[in-house]
Amino acid sequence: MRLPRAFSIISFTILLVAGGVSTALCQQTAERTAHAMSATPDVAVGSQYVTTHVYIAPEDFDRFVSSVLATFGGTTSKKVVTHVTPSPSSTFSQLILTPVGTISAFGFTTPVPYPYGIERTGYLVTDMGTAIRAARQTGADILVTPFDDPIGQDAVIQWPGGVNTQLYTHFTAPSYKPLETVPENRIYVSSDRADSFVQSFLAFSHGKVLSNDDHAPGVEIGRPKDTYRRIRIESTFAKLTVLVTDGHLPYPYGREVTGYEVANLSDTLTKAKGAGVTVLVAPYQADQREAAIVQFPGGYIAEIHSLVKK
């Protein structure tokens, strides 16, 4: 009896120590994030100025824009031919302003210079120089240093975990209507880099963690028998959901860049199908949501969800 008892005491002591270390690490992380946040300016403007970047083949461009409008409603800017990279290139460009999120659509008629095409979103910031300094200070890498485009300035940064984001300013400040619902940027990262990404993003965005679920239902990533870690964040840069996975993802999970909240998922999917949108993942319920994943003409994949009333 002595050995098992001694072993139990040692095991209990280890658990207490481990729990204390875990709590201390969480507290230290929170303190570091709060310090970094207080040390950096808030450069966000508003969620209606957070644009999902969608790259479409020129021959699919107009059909893609029409399908988004038919699905969500909204308006567009004038379609133009322009250059949006620091090296020579040419693209169709059009802004799609929907009540559930803004899309910047690009249809390059030339090869796309690196690293364009893999940045997920564009964030309007109050001042480019200030934003770049804040990004560096909070652990982001500057992949493309600021340069002038036809209407303002652009840069591309990379968060820990390999997540690329455009920062932009306009010479003349834009004025878009507030959104009816705020979209979420959906970020897939590994467990090795998830905490570093979250700490860096929170410090830059001055956001807050709404939830951090270590046992989120795996149906959300196409693995209904499993669980995974899901972190939901909210800031002036809109919503952000971090999906922490082992990368063993069935198609199309990980391909959806943005999640759009609509009033009624069934009605929205009916409109979408009528506009040539394909439903890749049929509606399912989890975390008080009914959600589906769809593909628009031209290949853009998105999540669409509506809230389920309790």
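The values are calculated or read from the model by the stated rules, or taken from the named source; none is laboratory data. Here the structure is a predicted model, which is why all the values come from computation and not from measurement. All Cβ positions, glycine included, derive from the backbone under ideal geometry; neighbour counts span all protein chains shown. With ligands, DNA and RNA removed, areas are computed over all heavy atoms of the protein, side chains included. Shrake-Rupley method; radii C 1.70, N 1.55, O 1.52, S 1.80 Å.
Suppose a student asked you for the relative contact order of the chain, using Cα pairs under 8 Å spaced at least 6 residues apart; what percent would you report?
Contact order relative to length: 17 percent.
Kindly flag which residue pairs out of Lys239/Lys273; Lys239/Lys309; Lys177/Lys239; Lys239/Lys271; Lys78/Lys208 have an alpha-carbon separation exceeding 29 Å in this structure. Present the calculation step by step, with values, prior to reporting the outcome.
Details: Lys239/Lys273 26 Å; Lys239/Lys309 20 Å; Lys177/Lys239 17 Å; Lys239/Lys271 25 Å; Lys78/Lys208 36 Å.
The pairs that break the limit, which is 29 Å between Cα atoms, are Lys78/Lys208.
Short version: ³J(HN,Hα) in whole Hz for each residue of the range 139-151, in order, from phi by Karplus 6.51 cos²θ - 1.76 cosθ + 1.60 (θ = phi - 60°), x for Gly and Pro, what are they?
Karplus values, whole Hz, x for Gly and Pro: x, 7, 9, 9, 6, 10, 5, x, 8, 7, 10, x, 10.
Given charges of +1 on the Cβ of Lys and Arg and -1 on the Cβ of Asp and Glu, with all other atoms neutral, how large is the dipole of the range 193-310 about its Cα centre, in debye to the nearest 20?
Dipole about the Cα centre, nearest 20: 120 debye.
Show me the ranking of peptides 94-100, 198-204, 112-118 by mean Cβ neighbours inside 10 Å, starting with the highest.
Numbers: 94-100: 19.4, 198-204: 24.1, 112-118: 15.3.
Highest mean packing first, the order is 198-204, 94-100, 112-118.
Which percentage, to the nearest 5, of the DSSP beta bridges contained in the chain is antiparallel?
75
Let me check against my output: what whole-number percent is the relative contact order of the range 69-209, with C-alpha pairs under 8 Å and at least 6 apart?
So the answer I get is 20 percent.
Placing +1 at every Lys and Arg Cβ and -1 at every Asp and Glu Cβ, with all other atoms neutral, what dipole size does the range 175-235 have around its Cα centre, in debye to the nearest 20?
In debye, rounded to 20, the range 175-235 gives about 80.
Taking only C-alpha pairs under 8 Å that are 6+ residues apart, what is the relative contact order of the range 209-275 in percent?
Relative contact order of the range 209-275: 23 percent.
Please compute the length gained on full extension between Ser196 and Ala173, using 0.36 nm multiplied by the number of residues separating them and subtracting their Cα-Cα distance.
Value of the extension gain: 5.0 nm.
Each residue of the range 90-106 in order: what ³J(HN,Hα) in whole Hz does its phi give by Karplus 6.51 cos²θ - 1.76 cosθ + 1.60, θ = phi - 60°, with x for Gly and Pro?
9, 8, 6, 9, 8, 9, 10, 9, 9, x, 10, x, 10, 10, 9, 9, 10
Per residue of the range 45-51, in order, report the coupling 6.51 cos²θ - 1.76 cosθ + 1.60 (Karplus, θ = phi - 60°) as ³J(HN,Hα) in whole Hz, putting x for Gly and Pro.
10, x, 5, 6, 9, 8, 10
Over the range 99-219, what percent of the accessible surface lies on carbon and sulfur atoms, probe 1.4 Å? Can you show the working numbers first?
Details: 2550 of 5170 Å².
Carbon and sulfur atoms account for 49 percent of the accessible area of the range 99-219.
Along the charge dipole of the chain, pointing to its positive end and built from +1/-1 on Cβ of Lys, Arg, Asp and Glu, which listed residue (Ile142, Gly162, His53) has its Cα farthest out?
So the residue we want is Gly162.
Before I look further, what does the range 70-169 give for accessible area per residue, probe 1.4 Å, in whole square angstrom?
Spelled out: the 1.4 Å probe surface of the range 70-169, per residue, equals 39 Å².
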